[in-house]
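The values are calculated or read from the model by the stated rules, or taken from the named source; none is laboratory data. Everything quoted here is computed from the prediction, not taken from an experiment. FYI the Cβ positions are ideal-geometry reconstructions off the backbone, even for glycines, and counts take in every protein chain you see. The accessibility values were calculated without ligands, DNA or RNA, using every heavy atom of the protein model including side chains. Shrake-Rupley method; radii C 1.70, N 1.55, O 1.52, S 1.80 Å.
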Amino acid sequence: MSGLMITLLVAVALLAAVVVVALLLGLRTVRNLGAAGAAPVADPALDAERDRQEQSLVALRNAADEAYTTADIAKSAAAAARAEAAAAQAEAEAARAEARRVLDAARAEADTVLERAHRQAEADAEQLRAAARRSGERESAMLAATTREQAAEVERRAQRMDERERLHTEDVERLAERERGLLAAATQLTQREEELKEREAALQLAEEEQRRALERIAGLTAEAARSQLIESLETQAKREAALLIRDIETDARNTAEQRARGIVVDAIQRVASEQTAESVVSVLHLPGDEMKGRIIGREGRNIRTFESVTGVNLIIDDTPEAVLLSCFDPVRREIGRLTLEKLVLDGRIHPHRIEEVYDRARSEVDELCERAAADALRQVGITDLHPELTSLLGRLRYRTSYGQNVLKHLIETAHIAGMMAAELRLDVPTVKRAAFLHDIGKALTHEVEGSHAIIGADLARRYGESEEVVHAIEAHHNEVPPQTVEAVLTQASDACSGGRPGARRESLEVYVKRLERIEEIAAGKLGVEKVFAMQAGREIRVMVKPDEVDDIGAAVLARDVAKQIEEELTYPGQIRVTVVRESRATEVAR
(Lines give C-alpha, C1' and ligand atoms only; values in the text may rest on other atoms or scores of the structure.)
Protein backbone atom coordinates (compact mmCIF):
# COMPACT_ATOMS: atom_id res chain seq x y z
CA MET A 1 0.00 0.00 0.00
CA SER A 2 1.39 3.38 -1.05
CA GLY A 3 1.72 6.54 1.04
CA LEU A 4 -1.14 8.28 -0.86
CA MET A 5 -3.59 5.51 0.05
CA ILE A 6 -2.59 5.68 3.69
CA THR A 7 -3.14 9.46 3.70
CA LEU A 8 -6.60 9.07 2.15
CA LEU A 9 -7.66 6.46 4.70
CA VAL A 10 -6.56 8.73 7.57
CA ALA A 11 -8.56 11.64 6.09
CA VAL A 12 -11.69 9.46 5.75
CA ALA A 13 -11.38 8.36 9.38
CA LEU A 14 -11.04 11.94 10.56
CA LEU A 15 -14.14 12.99 8.56
CA ALA A 16 -16.15 10.08 9.97
CA ALA A 17 -15.24 11.15 13.48
CA VAL A 18 -16.26 14.75 12.71
CA VAL A 19 -19.66 13.52 11.37
CA VAL A 20 -20.27 11.40 14.45
CA VAL A 21 -19.50 14.31 16.72
CA ALA A 22 -21.83 16.57 14.70
CA LEU A 23 -24.67 14.05 14.92
CA LEU A 24 -24.26 13.76 18.66
CA LEU A 25 -24.35 17.53 19.05
CA GLY A 26 -27.50 17.70 16.85
CA LEU A 27 -29.34 15.09 18.90
CA ARG A 28 -28.46 16.94 22.09
CA THR A 29 -29.79 20.17 20.62
CA VAL A 30 -33.05 18.50 19.56
CA ARG A 31 -33.63 17.19 23.10
CA ASN A 32 -33.04 20.62 24.50
CA LEU A 33 -35.55 22.09 22.12
CA GLY A 34 -38.16 19.47 23.04
CA ALA A 35 -37.75 20.25 26.69
CA ALA A 36 -38.09 23.91 26.07
CA GLY A 37 -41.36 23.44 24.10
CA ALA A 38 -43.19 22.00 27.11
CA ALA A 39 -42.98 25.34 28.96
CA PRO A 40 -45.60 27.85 27.83
CA VAL A 41 -43.88 30.92 29.17
CA ALA A 42 -42.03 32.92 26.59
CA ASP A 43 -38.46 33.80 27.44
CA PRO A 44 -36.42 36.11 25.16
CA ALA A 45 -33.11 34.68 26.28
CA LEU A 46 -34.42 31.24 25.66
CA ASP A 47 -35.62 32.26 22.22
CA ALA A 48 -32.26 33.70 21.42
CA GLU A 49 -30.61 30.57 22.65
CA ARG A 50 -33.01 28.51 20.57
CA ASP A 51 -32.21 30.59 17.46
CA ARG A 52 -28.54 30.23 18.12
CA GLN A 53 -28.89 26.48 18.53
CA GLU A 54 -30.92 26.24 15.35
CA GLN A 55 -28.17 28.13 13.52
CA SER A 56 -25.63 25.80 15.03
CA LEU A 57 -27.70 22.84 13.91
CA VAL A 58 -27.86 24.23 10.41
CA ALA A 59 -24.13 24.79 10.46
CA LEU A 60 -23.59 21.26 11.72
CA ARG A 61 -25.80 19.90 8.98
CA ASN A 62 -23.81 21.84 6.39
CA ALA A 63 -20.62 20.55 7.94
CA ALA A 64 -21.97 17.02 7.84
CA ASP A 65 -22.88 17.46 4.17
CA GLU A 66 -19.37 18.76 3.42
CA ALA A 67 -17.94 15.85 5.40
CA TYR A 68 -19.98 13.39 3.37
CA THR A 69 -18.85 15.12 0.20
CA THR A 70 -15.22 14.99 1.29
CA ALA A 71 -15.65 11.33 2.25
CA ASP A 72 -17.02 10.61 -1.19
CA ILE A 73 -14.08 12.42 -2.77
CA ALA A 74 -11.67 10.52 -0.53
CA LYS A 75 -13.36 7.24 -1.49
CA SER A 76 -13.02 8.18 -5.14
CA ALA A 77 -9.37 9.09 -4.62
CA ALA A 78 -8.81 5.80 -2.77
CA ALA A 79 -10.42 3.91 -5.62
CA ALA A 80 -8.22 5.79 -8.12
CA ALA A 81 -5.19 5.07 -5.99
CA ARG A 82 -6.08 1.40 -5.87
CA ALA A 83 -6.48 1.45 -9.65
CA GLU A 84 -3.10 3.14 -10.06
CA ALA A 85 -1.51 0.64 -7.70
CA ALA A 86 -2.98 -2.19 -9.72
CA ALA A 87 -1.67 -0.59 -12.95
CA ALA A 88 1.75 -0.14 -11.38
CA GLN A 89 1.77 -3.74 -10.25
CA ALA A 90 0.85 -4.81 -13.78
CA GLU A 91 3.64 -2.69 -15.21
CA ALA A 92 6.07 -4.20 -12.70
CA GLU A 93 5.02 -7.68 -13.75
CA ALA A 94 5.50 -6.71 -17.41
CA ALA A 95 8.97 -5.24 -16.58
CA ARG A 96 9.95 -8.46 -14.80
CA ALA A 97 8.87 -10.47 -17.80
CA GLU A 98 10.82 -8.19 -20.15
CA ALA A 99 13.88 -8.45 -17.92
CA ARG A 100 13.69 -12.23 -17.95
CA ARG A 101 13.40 -12.13 -21.74
CA VAL A 102 16.38 -9.75 -22.13
CA LEU A 103 18.45 -11.91 -19.75
CA ASP A 104 17.65 -15.03 -21.72
CA ALA A 105 18.59 -13.24 -24.96
CA ALA A 106 21.90 -11.97 -23.40
CA ARG A 107 22.77 -15.47 -22.24
CA ALA A 108 22.11 -16.84 -25.71
CA GLU A 109 24.23 -14.05 -27.25
CA ALA A 110 27.07 -14.70 -24.77
CA ASP A 111 27.06 -18.39 -25.64
CA THR A 112 27.24 -17.47 -29.32
CA VAL A 113 30.13 -14.99 -28.78
CA LEU A 114 32.02 -17.50 -26.61
CA GLU A 115 31.72 -20.20 -29.23
CA ARG A 116 32.88 -17.77 -31.93
CA ALA A 117 35.86 -16.74 -29.73
CA HIS A 118 36.85 -20.38 -29.24
CA ARG A 119 36.84 -20.90 -32.98
CA GLN A 120 38.90 -17.70 -33.58
CA ALA A 121 41.42 -18.71 -30.91
CA GLU A 122 41.88 -22.12 -32.48
CA ALA A 123 42.43 -20.47 -35.90
CA ASP A 124 44.98 -18.01 -34.44
CA ALA A 125 46.82 -20.81 -32.64
CA GLU A 126 47.05 -22.76 -35.86
CA GLN A 127 48.47 -19.70 -37.67
CA LEU A 128 51.03 -19.15 -34.86
CA ARG A 129 52.09 -22.79 -35.02
CA ALA A 130 52.56 -22.52 -38.79
CA ALA A 131 54.56 -19.26 -38.42
CA ALA A 132 56.71 -20.85 -35.71
CA ARG A 133 57.43 -23.81 -37.97
CA ARG A 134 58.43 -21.49 -40.82
CA SER A 135 60.63 -19.35 -38.48
CA GLY A 136 62.30 -22.47 -37.10
CA GLU A 137 63.05 -23.66 -40.60
CA ARG A 138 64.59 -20.26 -41.51
CA GLU A 139 66.68 -20.17 -38.33
CA SER A 140 67.85 -23.71 -38.96
CA ALA A 141 68.92 -22.71 -42.46
CA MET A 142 70.71 -19.62 -41.12
CA LEU A 143 72.46 -21.66 -38.44
CA ALA A 144 73.59 -24.16 -41.01
CA ALA A 145 74.96 -21.37 -43.23
CA THR A 146 76.69 -19.76 -40.23
CA THR A 147 78.19 -23.08 -39.26
CA ARG A 148 79.53 -23.55 -42.77
CA GLU A 149 81.03 -20.02 -42.76
CA GLN A 150 82.64 -20.59 -39.37
CA ALA A 151 84.10 -23.87 -40.58
CA ALA A 152 85.53 -22.08 -43.61
CA GLU A 153 86.92 -19.31 -41.38
CA VAL A 154 88.54 -21.90 -39.09
CA GLU A 155 90.10 -23.53 -42.10
CA ARG A 156 91.43 -20.18 -43.34
CA ARG A 157 92.84 -19.38 -39.88
CA ALA A 158 94.53 -22.76 -39.78
CA GLN A 159 96.13 -22.02 -43.15
CA ARG A 160 97.31 -18.63 -41.89
CA MET A 161 98.72 -20.21 -38.75
CA ASP A 162 100.62 -22.72 -40.88
CA GLU A 163 101.98 -19.87 -43.00
CA ARG A 164 103.03 -17.92 -39.90
CA GLU A 165 104.68 -20.96 -38.42
CA ARG A 166 106.65 -21.42 -41.64
CA LEU A 167 107.71 -17.77 -41.64
CA HIS A 168 108.62 -17.99 -37.95
CA THR A 169 110.81 -21.00 -38.68
CA GLU A 170 112.56 -19.03 -41.43
CA ASP A 171 113.05 -16.08 -39.06
CA VAL A 172 114.54 -18.35 -36.43
CA GLU A 173 116.98 -19.71 -38.99
CA ARG A 174 117.94 -16.18 -40.09
CA LEU A 175 118.40 -15.10 -36.46
CA ALA A 176 120.60 -18.09 -35.79
CA GLU A 177 122.71 -17.20 -38.81
CA ARG A 178 122.91 -13.57 -37.64
CA GLU A 179 123.87 -14.66 -34.15
CA ARG A 180 126.72 -16.69 -35.55
CA GLY A 181 127.85 -13.63 -37.53
CA LEU A 182 127.59 -11.45 -34.40
CA LEU A 183 129.68 -13.90 -32.42
CA ALA A 184 132.36 -13.76 -35.08
CA ALA A 185 132.18 -9.95 -35.13
CA ALA A 186 132.39 -9.85 -31.32
CA THR A 187 135.50 -11.95 -31.46
CA GLN A 188 137.04 -9.56 -33.98
CA LEU A 189 136.02 -6.55 -31.86
CA THR A 190 137.61 -8.09 -28.78
CA GLN A 191 140.83 -8.53 -30.67
CA ARG A 192 140.72 -4.95 -31.98
CA GLU A 193 139.89 -3.63 -28.50
CA GLU A 194 142.97 -5.33 -27.11
CA GLU A 195 145.04 -3.81 -29.91
CA LEU A 196 143.54 -0.34 -29.22
CA LYS A 197 144.29 -0.64 -25.50
CA GLU A 198 147.90 -1.45 -26.31
CA ARG A 199 148.09 1.56 -28.68
CA GLU A 200 146.41 3.83 -26.09
CA ALA A 201 148.93 2.80 -23.45
CA ALA A 202 151.75 3.55 -25.88
CA LEU A 203 150.19 6.95 -26.74
CA GLN A 204 149.81 7.83 -23.07
CA LEU A 205 153.47 7.07 -22.50
CA ALA A 206 154.42 9.18 -25.51
CA GLU A 207 152.15 12.04 -24.38
CA GLU A 208 153.62 11.93 -20.89
CA GLU A 209 157.13 12.07 -22.29
CA GLN A 210 156.13 14.94 -24.61
CA ARG A 211 154.48 16.84 -21.72
CA ARG A 212 157.59 16.49 -19.55
CA ALA A 213 159.71 17.65 -22.47
CA LEU A 214 157.44 20.69 -23.00
CA GLU A 215 157.56 21.53 -19.29
CA ARG A 216 161.37 21.41 -19.38
CA ILE A 217 161.42 23.63 -22.48
CA ALA A 218 158.76 26.16 -21.34
CA GLY A 219 159.58 26.18 -17.65
CA LEU A 220 155.81 25.91 -16.72
CA THR A 221 153.77 23.20 -15.09
CA ALA A 222 150.68 21.74 -16.73
CA GLU A 223 148.32 23.55 -14.31
CA ALA A 224 149.96 26.91 -14.95
CA ALA A 225 149.86 26.37 -18.70
CA ARG A 226 146.20 25.34 -18.48
CA SER A 227 145.34 28.47 -16.45
CA GLN A 228 147.09 30.73 -18.97
CA LEU A 229 145.36 28.96 -21.84
CA ILE A 230 141.93 29.26 -20.19
CA GLU A 231 142.50 32.93 -19.40
CA SER A 232 143.60 33.70 -22.94
CA LEU A 233 140.66 31.76 -24.36
CA GLU A 234 138.24 33.54 -21.98
CA THR A 235 139.58 36.97 -22.98
CA GLN A 236 139.38 36.06 -26.65
CA ALA A 237 135.85 34.66 -26.20
CA LYS A 238 134.73 37.83 -24.45
CA ARG A 239 136.14 40.00 -27.20
CA GLU A 240 134.56 37.87 -29.89
CA ALA A 241 131.27 37.79 -27.97
CA ALA A 242 131.35 41.57 -27.57
CA LEU A 243 131.97 41.99 -31.29
CA LEU A 244 129.17 39.55 -32.11
CA ILE A 245 126.78 41.23 -29.68
CA ARG A 246 127.58 44.63 -31.10
CA ASP A 247 126.96 43.41 -34.65
CA ILE A 248 123.70 41.72 -33.63
CA GLU A 249 122.54 44.77 -31.71
CA THR A 250 123.38 47.00 -34.66
CA ASP A 251 121.40 44.83 -37.05
CA ALA A 252 118.45 44.51 -34.66
CA ARG A 253 118.50 48.23 -33.91
CA ASN A 254 118.46 49.07 -37.61
CA THR A 255 115.36 46.93 -38.19
CA ALA A 256 113.37 47.17 -34.94
CA GLU A 257 114.49 50.08 -32.77
CA GLN A 258 112.91 52.80 -34.83
CA ARG A 259 109.56 51.07 -35.07
CA ALA A 260 109.47 50.03 -31.40
CA ARG A 261 110.43 53.53 -30.31
CA GLY A 262 107.68 54.96 -32.46
CA ILE A 263 105.04 52.62 -31.02
CA VAL A 264 105.99 53.16 -27.38
CA VAL A 265 106.52 56.92 -27.69
CA ASP A 266 103.25 57.32 -29.56
CA ALA A 267 101.42 55.31 -26.93
CA ILE A 268 102.99 57.23 -24.05
CA GLN A 269 102.45 60.66 -25.59
CA ARG A 270 98.86 59.95 -26.54
CA VAL A 271 97.84 58.86 -23.07
CA ALA A 272 100.20 60.94 -20.90
CA SER A 273 98.24 62.62 -18.15
CA GLU A 274 98.88 64.73 -15.10
CA GLN A 275 99.70 63.01 -11.84
CA THR A 276 98.97 63.85 -8.20
CA ALA A 277 101.05 63.19 -5.12
CA GLU A 278 100.30 60.10 -3.05
CA SER A 279 99.45 60.95 0.55
CA VAL A 280 97.22 59.96 3.43
CA VAL A 281 96.42 63.55 4.40
CA SER A 282 94.53 66.39 2.74
CA VAL A 283 95.00 70.09 3.47
CA LEU A 284 92.02 72.45 3.69
CA HIS A 285 92.72 76.18 3.72
CA LEU A 286 90.57 78.34 6.00
CA PRO A 287 89.52 81.96 5.53
CA GLY A 288 90.92 82.77 8.99
CA ASP A 289 92.29 81.27 12.17
CA GLU A 290 89.08 82.08 14.07
CA MET A 291 87.39 79.35 12.01
CA LYS A 292 89.47 76.72 13.85
CA GLY A 293 87.62 77.49 17.08
CA ARG A 294 84.26 77.13 15.40
CA ILE A 295 85.37 73.81 13.91
CA ILE A 296 86.41 72.55 17.36
CA GLY A 297 83.18 73.75 18.95
CA ARG A 298 82.22 74.08 22.57
CA GLU A 299 84.19 71.53 24.60
CA GLY A 300 85.22 69.90 21.32
CA ARG A 301 81.75 68.60 20.40
CA ASN A 302 81.96 69.69 16.74
CA ILE A 303 85.30 68.01 16.04
CA ARG A 304 84.21 64.83 17.86
CA THR A 305 80.98 64.70 15.85
CA PHE A 306 82.88 65.33 12.62
CA GLU A 307 85.38 62.52 13.29
CA SER A 308 82.70 60.04 14.39
CA VAL A 309 80.44 60.79 11.40
CA THR A 310 83.07 60.91 8.65
CA GLY A 311 85.69 58.52 10.05
CA VAL A 312 88.40 61.06 9.22
CA ASN A 313 90.88 62.43 11.76
CA LEU A 314 90.94 66.22 11.87
CA ILE A 315 94.35 67.67 12.78
CA ILE A 316 94.32 71.30 13.92
CA ASP A 317 97.86 72.54 14.66
CA ASP A 318 99.76 75.81 14.52
CA THR A 319 99.70 75.96 10.71
CA PRO A 320 98.12 79.32 9.89
CA GLU A 321 94.76 79.23 8.14
CA ALA A 322 94.89 75.49 7.40
CA VAL A 323 93.77 72.15 8.88
CA LEU A 324 94.76 68.58 7.97
CA LEU A 325 92.43 65.66 7.31
CA SER A 326 94.05 62.24 7.80
CA CYS A 327 92.59 58.90 6.66
CA PHE A 328 94.01 55.86 4.86
CA ASP A 329 90.83 55.48 2.75
CA PRO A 330 91.06 58.11 -0.02
CA VAL A 331 87.31 58.07 -0.73
CA ARG A 332 86.45 58.60 2.91
CA ARG A 333 89.10 61.33 3.16
CA GLU A 334 87.64 63.12 0.11
CA ILE A 335 84.12 62.95 1.61
CA GLY A 336 85.46 64.43 4.86
CA ARG A 337 87.34 67.17 3.00
CA LEU A 338 84.27 68.10 0.98
CA THR A 339 82.10 68.08 4.12
CA LEU A 340 84.46 70.39 6.00
CA GLU A 341 84.78 72.69 2.99
CA LYS A 342 80.98 73.07 2.77
CA LEU A 343 80.73 73.68 6.51
CA VAL A 344 83.41 76.38 6.37
CA LEU A 345 81.72 78.10 3.41
CA ASP A 346 78.31 77.94 5.09
CA GLY A 347 79.61 79.09 8.49
CA ARG A 348 77.03 77.09 10.46
CA ILE A 349 78.91 74.34 12.26
CA HIS A 350 77.08 72.17 14.78
CA PRO A 351 76.50 68.38 15.13
CA HIS A 352 73.19 68.22 13.29
CA ARG A 353 74.49 70.41 10.48
CA ILE A 354 77.61 68.21 10.19
CA GLU A 355 75.45 65.12 9.61
CA GLU A 356 73.34 66.88 6.95
CA VAL A 357 76.37 68.19 5.06
CA TYR A 358 78.09 64.79 5.33
CA ASP A 359 75.13 63.05 3.65
CA ARG A 360 75.20 65.56 0.78
CA ALA A 361 78.97 65.29 0.40
CA ARG A 362 78.82 61.50 0.32
CA SER A 363 76.15 61.62 -2.40
CA GLU A 364 78.27 64.06 -4.41
CA VAL A 365 81.39 61.88 -4.10
CA ASP A 366 79.44 58.76 -5.11
CA GLU A 367 78.11 60.63 -8.12
CA LEU A 368 81.61 61.82 -9.01
CA CYS A 369 82.93 58.24 -8.71
CA GLU A 370 80.19 56.90 -10.98
CA ARG A 371 80.82 59.67 -13.49
CA ALA A 372 84.57 59.04 -13.44
CA ALA A 373 84.02 55.29 -13.98
CA ALA A 374 81.61 55.96 -16.86
CA ASP A 375 84.09 58.37 -18.49
CA ALA A 376 86.91 55.85 -18.11
CA LEU A 377 84.83 53.05 -19.65
CA ARG A 378 83.86 55.32 -22.52
CA GLN A 379 87.50 56.24 -23.18
CA VAL A 380 88.62 52.59 -23.40
CA GLY A 381 85.51 51.44 -25.28
CA ILE A 382 84.08 48.97 -22.72
CA THR A 383 80.28 48.88 -22.45
CA ASP A 384 79.40 45.56 -20.76
CA LEU A 385 81.16 45.79 -17.39
CA HIS A 386 79.38 44.50 -14.28
CA PRO A 387 77.87 47.31 -12.14
CA GLU A 388 79.83 46.22 -9.06
CA LEU A 389 83.12 46.44 -10.96
CA THR A 390 82.05 49.84 -12.29
CA SER A 391 81.43 51.06 -8.74
CA LEU A 392 84.87 49.83 -7.64
CA LEU A 393 86.50 51.55 -10.63
CA GLY A 394 84.89 54.83 -9.56
CA ARG A 395 86.53 54.53 -6.13
CA LEU A 396 89.94 54.42 -7.85
CA ARG A 397 89.40 58.07 -8.85
CA TYR A 398 90.81 59.01 -5.43
CA ARG A 399 93.39 56.19 -5.21
CA THR A 400 97.03 56.86 -6.08
CA SER A 401 100.10 54.64 -6.34
CA TYR A 402 103.59 56.16 -6.21
CA GLY A 403 101.97 59.51 -6.95
CA GLN A 404 100.14 58.17 -10.02
CA ASN A 405 96.34 58.22 -10.13
CA VAL A 406 95.24 54.59 -10.43
CA LEU A 407 92.18 55.21 -12.61
CA LYS A 408 94.18 57.30 -15.08
CA HIS A 409 96.91 54.67 -14.95
CA LEU A 410 94.33 52.02 -15.94
CA ILE A 411 93.14 54.12 -18.89
CA GLU A 412 96.71 54.72 -20.00
CA THR A 413 97.62 51.03 -19.65
CA ALA A 414 94.55 49.98 -21.65
CA HIS A 415 95.46 52.31 -24.54
CA ILE A 416 99.08 51.11 -24.62
CA ALA A 417 98.01 47.46 -24.50
CA GLY A 418 95.45 48.05 -27.25
CA MET A 419 98.09 49.55 -29.56
CA MET A 420 100.47 46.67 -28.89
CA ALA A 421 97.71 44.14 -29.53
CA ALA A 422 96.78 45.90 -32.77
CA GLU A 423 100.40 45.80 -33.94
CA LEU A 424 100.57 42.08 -33.12
CA ARG A 425 97.12 41.42 -34.66
CA LEU A 426 95.65 39.99 -31.46
CA ASP A 427 92.20 40.32 -29.88
CA VAL A 428 92.32 44.04 -29.06
CA PRO A 429 89.12 44.23 -26.89
CA THR A 430 90.24 41.34 -24.67
CA VAL A 431 93.76 42.76 -24.20
CA LYS A 432 92.41 46.25 -23.43
CA ARG A 433 89.90 44.80 -20.96
CA ALA A 434 92.62 42.84 -19.14
CA ALA A 435 94.94 45.86 -18.98
CA PHE A 436 92.11 48.15 -17.86
CA LEU A 437 91.09 45.85 -14.97
CA HIS A 438 94.56 44.74 -13.84
CA ASP A 439 94.64 47.07 -10.77
CA ILE A 440 90.94 46.76 -9.82
CA GLY A 441 92.01 45.03 -6.59
CA LYS A 442 93.53 48.29 -5.28
CA ALA A 443 90.00 49.51 -4.56
CA LEU A 444 89.78 46.92 -1.75
CA THR A 445 93.37 46.58 -0.51
CA HIS A 446 92.54 48.59 2.64
CA GLU A 447 89.53 46.31 3.32
CA VAL A 448 90.72 42.83 2.25
CA GLU A 449 93.99 41.13 3.15
CA GLY A 450 96.21 40.03 0.28
CA SER A 451 97.87 41.22 -2.90
CA HIS A 452 95.85 43.52 -5.11
CA ALA A 453 96.53 41.23 -8.09
CA ILE A 454 94.96 38.21 -6.38
CA ILE A 455 92.10 40.32 -4.97
CA GLY A 456 91.41 41.78 -8.42
CA ALA A 457 91.45 38.32 -10.04
CA ASP A 458 88.93 37.03 -7.48
CA LEU A 459 86.67 40.03 -8.13
CA ALA A 460 86.85 39.59 -11.91
CA ARG A 461 86.11 35.86 -11.64
CA ARG A 462 83.19 36.52 -9.27
CA TYR A 463 81.58 39.03 -11.63
CA GLY A 464 81.81 36.94 -14.80
CA GLU A 465 85.00 38.05 -16.54
CA SER A 466 86.68 35.59 -18.93
CA GLU A 467 89.57 33.37 -17.83
CA GLU A 468 91.99 35.27 -20.12
CA VAL A 469 91.20 38.52 -18.30
CA VAL A 470 91.34 36.87 -14.85
CA HIS A 471 94.72 35.26 -15.58
CA ALA A 472 96.17 38.53 -16.90
CA ILE A 473 95.08 40.31 -13.70
CA GLU A 474 96.55 37.72 -11.32
CA ALA A 475 99.81 37.40 -13.29
CA HIS A 476 100.68 41.05 -13.92
CA HIS A 477 103.08 41.08 -10.90
CA ASN A 478 104.38 37.50 -11.49
CA GLU A 479 102.59 36.19 -8.40
CA VAL A 480 101.18 33.66 -10.87
CA PRO A 481 103.43 32.76 -13.85
CA PRO A 482 102.00 34.37 -17.02
CA GLN A 483 100.76 31.73 -19.46
CA THR A 484 98.98 33.78 -22.16
CA VAL A 485 99.84 36.57 -24.57
CA GLU A 486 97.23 38.78 -22.89
CA ALA A 487 99.04 38.45 -19.54
CA VAL A 488 102.42 39.33 -21.08
CA LEU A 489 101.00 42.40 -22.85
CA THR A 490 99.31 43.49 -19.61
CA GLN A 491 102.67 43.35 -17.82
CA ALA A 492 104.39 45.26 -20.62
CA SER A 493 101.75 48.00 -20.81
CA ASP A 494 101.75 48.34 -17.00
CA ALA A 495 105.53 48.79 -17.06
CA CYS A 496 105.31 51.36 -19.88
CA SER A 497 102.66 53.39 -18.05
CA GLY A 498 104.41 53.29 -14.68
CA GLY A 499 107.97 53.62 -16.00
CA ARG A 500 107.63 56.60 -18.30
CA PRO A 501 109.28 59.81 -17.06
CA GLY A 502 107.03 61.81 -14.76
CA ALA A 503 104.49 59.07 -14.23
CA ARG A 504 105.41 58.12 -10.69
CA ARG A 505 107.49 59.35 -7.83
CA GLU A 506 109.01 57.45 -4.96
CA SER A 507 110.44 58.35 -1.60
CA LEU A 508 113.70 60.27 -1.57
CA GLU A 509 115.39 57.61 0.52
CA VAL A 510 114.71 54.81 -1.97
CA TYR A 511 115.70 57.05 -4.87
CA VAL A 512 119.04 58.04 -3.28
CA LYS A 513 119.87 54.48 -2.30
CA ARG A 514 119.23 53.26 -5.84
CA LEU A 515 121.50 55.93 -7.33
CA GLU A 516 124.25 55.15 -4.83
CA ARG A 517 124.07 51.44 -5.62
CA ILE A 518 124.19 52.11 -9.36
CA GLU A 519 127.35 54.18 -8.95
CA GLU A 520 128.89 51.51 -6.70
CA ILE A 521 128.27 48.79 -9.29
CA ALA A 522 129.94 50.79 -12.05
CA ALA A 523 132.84 52.00 -9.85
CA GLY A 524 133.70 48.46 -8.78
CA LYS A 525 134.83 47.43 -12.28
CA LEU A 526 138.49 47.40 -13.31
CA GLY A 527 139.76 50.40 -15.25
CA VAL A 528 136.90 52.72 -14.14
CA GLU A 529 138.01 56.24 -13.25
CA LYS A 530 134.77 58.14 -12.56
CA VAL A 531 131.02 57.35 -12.50
CA PHE A 532 128.16 59.84 -12.88
CA ALA A 533 124.44 59.02 -12.44
CA MET A 534 122.54 61.41 -14.71
CA GLN A 535 118.92 62.18 -15.67
CA ALA A 536 117.49 61.05 -12.32
CA GLY A 537 119.19 57.68 -12.61
CA ARG A 538 118.03 57.00 -16.18
CA GLU A 539 121.60 57.14 -17.54
CA ILE A 540 124.95 56.09 -16.07
CA ARG A 541 128.08 57.65 -17.57
CA VAL A 542 131.28 55.68 -16.82
CA MET A 543 134.68 57.28 -17.47
CA VAL A 544 137.44 54.67 -17.97
CA LYS A 545 141.23 54.90 -18.16
CA PRO A 546 142.20 54.73 -21.84
CA ASP A 547 145.48 52.96 -21.23
CA GLU A 548 143.77 50.11 -19.30
CA VAL A 549 140.54 49.65 -21.27
CA ASP A 550 140.39 49.51 -25.06
CA ASP A 551 137.33 49.91 -27.30
CA ILE A 552 136.29 46.25 -27.10
CA GLY A 553 136.88 46.28 -23.34
CA ALA A 554 134.62 49.34 -23.05
CA ALA A 555 131.80 47.46 -24.79
CA VAL A 556 132.34 44.47 -22.49
CA LEU A 557 132.34 46.76 -19.45
CA ALA A 558 129.06 48.43 -20.48
CA ARG A 559 127.47 45.01 -20.95
CA ASP A 560 128.69 43.78 -17.53
CA VAL A 561 127.46 46.89 -15.70
CA ALA A 562 124.02 46.71 -17.37
CA LYS A 563 123.72 43.00 -16.58
CA GLN A 564 124.60 43.48 -12.91
CA ILE A 565 122.14 46.38 -12.58
CA GLU A 566 119.38 44.22 -14.06
CA GLU A 567 120.11 41.39 -11.62
CA GLU A 568 120.44 43.43 -8.43
CA LEU A 569 118.09 46.43 -8.70
CA THR A 570 114.41 47.07 -9.27
CA TYR A 571 113.55 50.27 -11.13
CA PRO A 572 110.93 51.63 -13.52
CA GLY A 573 111.77 51.98 -17.20
CA GLN A 574 115.32 51.58 -18.53
CA ILE A 575 118.80 52.66 -17.48
CA ARG A 576 121.29 53.52 -20.20
CA VAL A 577 124.96 52.66 -19.48
CA THR A 578 127.47 54.78 -21.43
CA VAL A 579 131.22 54.05 -21.21
CA VAL A 580 133.42 56.98 -22.24
CA ARG A 581 137.03 56.30 -23.26
CA GLU A 582 139.07 59.26 -24.44
CA SER A 583 142.78 59.96 -24.84
CA ARG A 584 144.27 63.41 -24.17
CA ALA A 585 147.75 64.64 -25.06
CA THR A 586 148.97 67.77 -23.26
CA GLU A 587 152.14 69.68 -24.02
CA VAL A 588 153.43 73.01 -22.65
CA ALA A 589 154.85 75.58 -25.02
CA ARG A 590 157.70 77.56 -23.50
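In the complete set of protein chains, residue-level accessible area for Met419 is approximately 30 Å², probe 1.4 angstrom. Residues in the stretch 184-190 carry Karplus couplings, in order, of 5, 5, 4, 4, 5, 5, 4 Hz; the curve used is 6.51 cos²θ - 1.76 cosθ + 1.60 with θ = phi - 60°, and Gly or Pro positions show x. Using a probe of 1.4 Å, the accessible surface attributed to Lys75 totals some 120 Å² when neighbouring protein chains are kept in position. Rounded to the nearest 0.05, the FRET efficiency derived from the C-beta distance between Ser76 and Leu103 at R0 = 51 Å is 0.80. Accessible surface comparison of Ser497, Ser140, probe 1.4 Å, protein chains only, largest first: the order is Ser140, Ser497.
Within the assembled protein chains, the solvent-accessible surface assigned to Asp72 is about 90 Å², based on a 1.4 Å probe.
The accessible-area ordering, largest first, of the residues Cys496, Cys327 stands as Cys496, Cys327, per a 1.4 angstrom probe.
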